[in-house]
Amino acid sequence: MATRKLNLVLIVQKRMTGLQDFLRIAELIKRKCEDVIPHVTTRHHAVYQQLRYLFRPSLYVAFYEANRFKPIRGRRFCGAKMTKSEQYLQMEESGLETLKWQMIQPDERYESSDWGPYVIVKPDEGKMGHDVKIRKTVRVHHGKDCETSPHLIQRFTHTGIQPESYRALTFFGEILYLQKSTNIACGNLLNDPTRAEEIGGHNPVATAAKGRAQLVFDEEIISYAKHIAQTAFSDIPVLGQDIIRDPATGKLYCLEVNPYGSTWHFSGRVGLGIQSDNDLVFEQQFDAFNKVADILIQKTREHAR
């Protein structure tokens, strides 16, 4: 009996994800099996190229937000454009705890008794860490903080003398690499987060451009990231989860999952810079491309139609 053939169409955006990585992954799939036939295309060509694939069950996987693309035949998985507040709500609806947050509202005042003496104020729309500030809680004000765009208030968690966070890149709930970032150029070292003289000159963003990055293996964070992806965002292929650990309690919190898909840092400009500056190779940590190929074969067999 002839093997049933299935189309797997990988849709990439060259500016964000490059192209060569996915051609390599397609070649790996060809070597691993005969039933899944991989194709690599761009978002501009996907609309009319899909006419070639109408005579086989197909699965489309986009490595960014591609909601405008509706396949004539086949299922599609893609990224999603979501604000931070939408991500938090989706996590909470899935039973996951988030670090205390709230959209900053007009005519509302915020008290230290509820939030602590200092909080993080940041834009609801992602801006790659820009416009993230530590503010004295009682000074947070809608008119000042939301003048240009909606912002939210979030409980400040002291992650160390120099800010630390983790980037867990997941693909359909499996870890591709785990990067720890430390802002070694944070300005004032933060020994005591209640002292105004230390807070004043402190940059709380762990992923600052002049920081340090390293690949780490932390089973707790890996399990946590996989659980978030599989529980709250199971239909989004690529997530760049930013996770912190509260040293006082040991609890983990996800600050955002970057569901849009601009986090394929194996070959993009930002990712290549991080790897070059810190002598890292993201792909090697967990044999990422082989893992992606295996996952895509499984997903195609399950969902092509």
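What to note about this one:
- Those residues of segment 124-141 which are within 17 Å of the chain's Cα centre (by Cα), modelled with pLDDT of 90 or more and more than 16 Å from Leu99 (Cβ to Cβ), in sequence order: Glu125
- The set of residues in segment 150-170 that are among the polar types (S, T, N, Q) and either over 30 Å from Lys226 (Cα atoms) or modelled with pLDDT of 95 or more (or both) comprises Gln154, Ser165, Thr170.
- Beta carbons closer than 8 Å, at least 6 apart along the sequence or on distinct chains, pair a first residue in segment 276-297 that is farther than 25 Å from Asp35 by Cα with a second that is assigned to a helix (DSSP H, G or I) and among the hydrophobic types (A, V, I, L, M, F, W, C) for Leu280/Ile274; Phe282/Ala288; Glu283/Phe289.
- All conditions in (1) free of Cβ contacts under 8 Å to residues at least 24 places away in the same chain; (2) out of contact with any Cys (no Cβ under 8 Å at 6 or more places or on another chain) hold for Asn67, with the sole exception of (2).
- Flag for Leu59 being farther than 27 Å from Ile199 by Cα, touching a residue at least 60 places away in the same chain (Cβ under 8 Å) and over 21 Å from the mean Cα position of the chain (by Cα): yes
- Within segment 94-121, being under 17 Å from the mean Cα position of the chain (by Cα) and closer than 19 Å to Asn203 by Cβ holds for one residue alone: Leu99.
Let's see how each residue does on (1) within 25 Å of Phe266 (Cβ to Cβ); (2) touching a Lys or Arg at 6+ places or on another chain (Cβ under 9 Å):
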residue: Ile25; (1), (2): yes, no
residue: Ile29; (1), (2): yes, no
residue: Asp35; (1), (2): no, yes
residue: Thr42; (1), (2): yes, yes
residue: Gln49; (1), (2): yes, no
residue: Arg52; (1), (2): no, no
residue: Arg56; (1), (2): no, yes
residue: Tyr60; (1), (2): yes, yes
residue: Phe63; (1), (2): yes, no
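- Options Thr157, Thr194, Thr170; residue that is assigned to a loop (DSSP other than H, G, I, E, B) and crowded, with 21+ Cβ neighbours inside 10 Å: Thr157
- Failed criterion for Glu164 (all others in (1) surrounded by 17 or more Cβ atoms within 10 Å (Cβ to Cβ); (2) on the phi > 0 side of the Ramachandran plot hold): (2)
- Residue in segment 197-226 that is nearest to the chain's Cα centre (by Cα), counting only those that are modelled with pLDDT of 95 or more and either surrounded by fewer than 14 Cβ atoms within 10 Å (Cβ to Cβ) or at positive phi (or both): Ser223
- Subset tally (residues that are under 30 Å from Arg43 (Cα atoms) and among the small types (Gly, Ala, Ser)) for segment 71-117: 4
- Residues satisfying the stated conditions in segment 1-33, i.e. outside any helix (DSSP H, G or I) and among the charged types (D, E, K, R): Arg4, Lys5
- Criterion (out of contact with any strand residue (DSSP E or B) (no Cβ under 8 Å at 6 or more places or on another chain) and at pLDDT 95 or above) met by exactly one of Gly173, Gly240: Gly173
- Where Pro123 falls short, out of the listed (1) assigned by TED's automatic domain parsing to the domain that holds Thr231; (2) in contact with a Pro (Cβ under 8 Å, 6 or more places away or on another chain): (1)
- Qualifying residue in segment 80-92 (condition: more than 30 Å from Gly116 (Cβ to Cβ) and either out of contact with any helix residue (DSSP H, G or I) (no Cβ under 7 Å at 6 or more places or on another chain) or not small (Gly, Ala, Ser) (or both)): yes
- The listed residue being modelled with pLDDT of 95 or more and either over 26 Å from Ile228 (Cα atoms) or in the same structural domain as Cys254 (by TED's automatic domain parsing) (or both), out of Glu147, Glu111: Glu111
- Enumerated helices (runs of 4 or more DSSP H) restricted to segment 52-153, each holding at least 2 residues that are surrounded by fewer than 20 Cβ atoms within 10 Å (Cβ to Cβ) and among the charged types (D, E, K, R): 84-93
The values are calculated or read from the model by the stated rules, or taken from the named source; none is laboratory data. Predicted model, so just to flag it, every value in this text is computed and none were measured. In this analysis, Cβ positions are derived from the backbone assuming ideal geometry, glycine residues included, and neighbour counts consider all displayed protein chains.
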